[in-house]
2 protein chains.
Amino acid sequence: MKIRDTAFLFDLDGTLIDNVYQHVLAWKEALDEIGISVPTWRLHRKLGMSGGLFVQALMAEIGTALTSDEIARLRESYRLIYRGYAGTVHALPGAKELLRHMSDAEIPWAIVTSAHRSSALSRLAMLELSAQVPVVTRDMVKHAKPDPDLFFAAAELLDVETKDCIVVGDSIWDLIAARRAQALGIGFLSGGYGSEELIKAGAYCVFDGPADMLSKIHEVGARAQGVRITPG
Amino acid sequence: MKIRDTAFLFDLDGTLIDNVYQHVLAWKEALDEIGISVPTWRLHRKLGMSGGLFVQALMAEIGTALTSDEIARLRESYRLIYRGYAGTVHALPGAKELLRHMSDAEIPWAIVTSAHRSSALSRLAMLELSAQVPVVTRDMVKHAKPDPDLFFAAAELLDVETKDCIVVGDSIWDLIAARRAQALGIGFLSGGYGSEELIKAGAYCVFDGPADMLSKIHEVGARAQGVRITPG
């Protein structure tokens with residue numbers, strides 16, 4: 001059996017950037033504005049899937065179909081409200097350091113997000129990435145998480161196979177999508193899920209967030225000059 | 001063995017009122033203002049304990065002691081920011097109906113919160129309670145959750161023993177405090193905890209929130225004219 005280097009595919013929102021709660025409340029307020037009442041925790045648990053699926057899941061939740069006009073207005077309203085929260089959004093502790101460690105150790109890695117590039121740009125800037133880092137966004141694939149397309153696209157950019165990748169994410173949608181791509185998954189608590197929820201969704205280990213993962217980096221086999229573990 | 005009626009002690013914030021995420025972000029913003037960075041999910045997981053303990057837990061988190069002046073300013077800032085979110089705060093689906101069912105069935109119940117009465121008043125008003133409902137607030141006891149004092153005070157008002165009470169709450173602090181009072185605990189997902197976190201903290205069953213509990217009210221033995229289960 002050929003043992004290949006392992007690559008790491010990092011989710012962005014909630015995993016490297018501390019902005020899940022702002023996303024949740026922005027959706028809550030946008031829905032409130034059009035008179036739709038959904039318990040906030042249910043919005044929280046749906047975040048991280050593709051925007052299209054999110055809206056479908058939402059309609060199933062409220063038992064009403066929205067017109068495409070209503071959906072467009074809702075999304076625009078959400079975007080504006082979220083922008084109002086932008087001042088409170090920062091990189092998670094250790095995020096920049098973890099990514100720098102990966103680069104210094106020459107471990108292949110990429111950022112993989114269900115967000116569109118235009119909306120992700122300001123958060124990507126917080127991570128001070130070099131221009132060489134592959135960033136896979138919603139625009140680049142047909143289906144976002146929990147479909148595995150984003151991970152296949154990232155693996156291709158890194159010239160690895162998804163079975164040689166470890167997906168790092170804060171939501172169950174990252175982990176479910178990782179399984180569909182035959183990748184291992186690491187769960188972060190930084191998105192507000194409980195540890196067991198992440199494990200049930202397929203996480204093979206769980207950390208608090210980037211700083212915690214960096215402090216235990218040997219536990220996931222992220223060795224300098226390539227990793228000697230294959231998930232497949 | 002004498003079998004006694006079971007009483008239900010309901011937590012307020014996150015259990016009957018959908019306001020956990022607003023509390024979380026208000027703390028996040030208040031801390032940001034004084035340059036203290038704490039990952040948002042950690043604030044989420046500390047909510048629901050007494051305010052004094054919350055600040056102590058926070059200081060342990062950031063590894064710095066705050067002066068009592070700084071703490072007072074932080075709390076005031078938090079209160080003001082939370083007030084800005086007040087328009088997005090509503091009763092959870094089924095909350096009023098669940099409480100009405102309890103009253104109609106003549107099951108003894110009370111509201112028990114770690115919040116001060118002055119800050120809880122606007123949320124209590126959303127529930128349209130009758131003046132006869134016992135409400136136990138932070139002001140009435142020496143220690144709030146996870147100490148059991150609030151539950152002992154509520155049991156006294158209802159003329160029952162805490163071992164004949166079932167505590168209903170959304171955070172692990174409700175459930176831990178319930179165990180310390182020898183009461184059973186029911187966990188709600190409406191505060192954003194995962195089911196297993198609530199069970200590990202002692203929940204003997206878990207519901208999505210008030211509407212879900214009401215639809216399965218027979219499962220917790222909340223029978224009209226008194227319940228025939230004793231937890232003790």
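Of note:
- What you get for chain A, charging only the Cβ of Lys and Arg (+1) and of Asp and Glu (-1), is a dipole of about 240 debye around the Cα centre.
- C-alpha long axis of helix B:51-62 to longest principal axis of chain B, angle in °: 50
- Angle of helix B:68-84 to the longest C-alpha principal axis of chain B, folded into 0 to 90 degrees and rounded to 10: 70°.
- Over all pairs of different C-alpha atoms in chain A, the reciprocal of the mean inverse distance, the Kirkwood hydrodynamic radius, equals 17.9 Å.
- Gaussian network model of chain B, Cα within-10 Å springs - most flexible of B:Lys142, B:Lys96, B:Lys28: B:Lys142
- Ordering A:Ala178, A:Cys165, A:Leu189 by Cα displacement along the dipole of region A:137-208 toward the positive end leaves A:Ala178 in first place; charges were set at the Cβ atoms of Lys, Arg (+1) and Asp, Glu (-1).
- Highest-fluctuation residue, A:Asp147, A:Asp212, A:Asp104 considered, GNM on chain A with Cα pairs under 10 Å: A:Asp104
- Share antiparallel - DSSP beta bridges, the protein assembly as shown, percent rounded to 5: 10
- Shielding by partners for peptide A:195-201, expressed as the average number of C-beta atoms from other protein chains within 10 Å of each residue's C-beta, is 3.
- Choice from B:Ala120, B:Ala155, B:Ala222 with maximal GNM fluctuation in chain B (Cα, 10 Å cutoff): B:Ala120
- Per-q log10 I(q)/I(0), region B:20-87, q = 0.12, 0.23, 0.24 Å⁻¹ (Debye; single scatterer per alpha-carbon; no solvent): -0.26, -1.04, -1.14
- In units of the rule-of-thumb radius 2.2 N^0.38 Å, the protein assembly as shown shows an alpha carbon radius of gyration of 1.03.
- For region B:1-111, a simple Cβ point-charge model (Lys and Arg +1, Asp and Glu -1, everything else neutral) yields a dipole of about 180 debye relative to the Cα centre.
- Applying a threshold of 28 Å to the alpha-carbon distances of A:Lys145/B:Lys46; A:Lys28/A:Lys145; A:Lys145/B:Lys145; A:Lys46/B:Lys96 flags A:Lys145/B:Lys46; A:Lys145/B:Lys145 as lying beyond it.
- Across the identical copies, how the B:Ser37 labels are spaced - nm, sorted shortest first, 7 Å along Cα→Cβ: 3.9
- Spin-label pair A:Lys96-A:Glu128: with each label point 7 Å from Cα along the Cα-Cβ axis, the two points sit 0.3 nm from one another.
- Each copy carries B:Ser130; placing its label point 7 Å along the C-beta direction from Cα gives inter-copy distances of 7.2 nm, listed from smallest up.
Quick note: the coordinates plus some simple rules give every number you see, no bench work behind them. Everything quoted here is computed from the prediction, not taken from an experiment. Note that each Cβ is placed from the backbone with ideal geometry, even for glycine, and that neighbours are counted across all protein chains shown.
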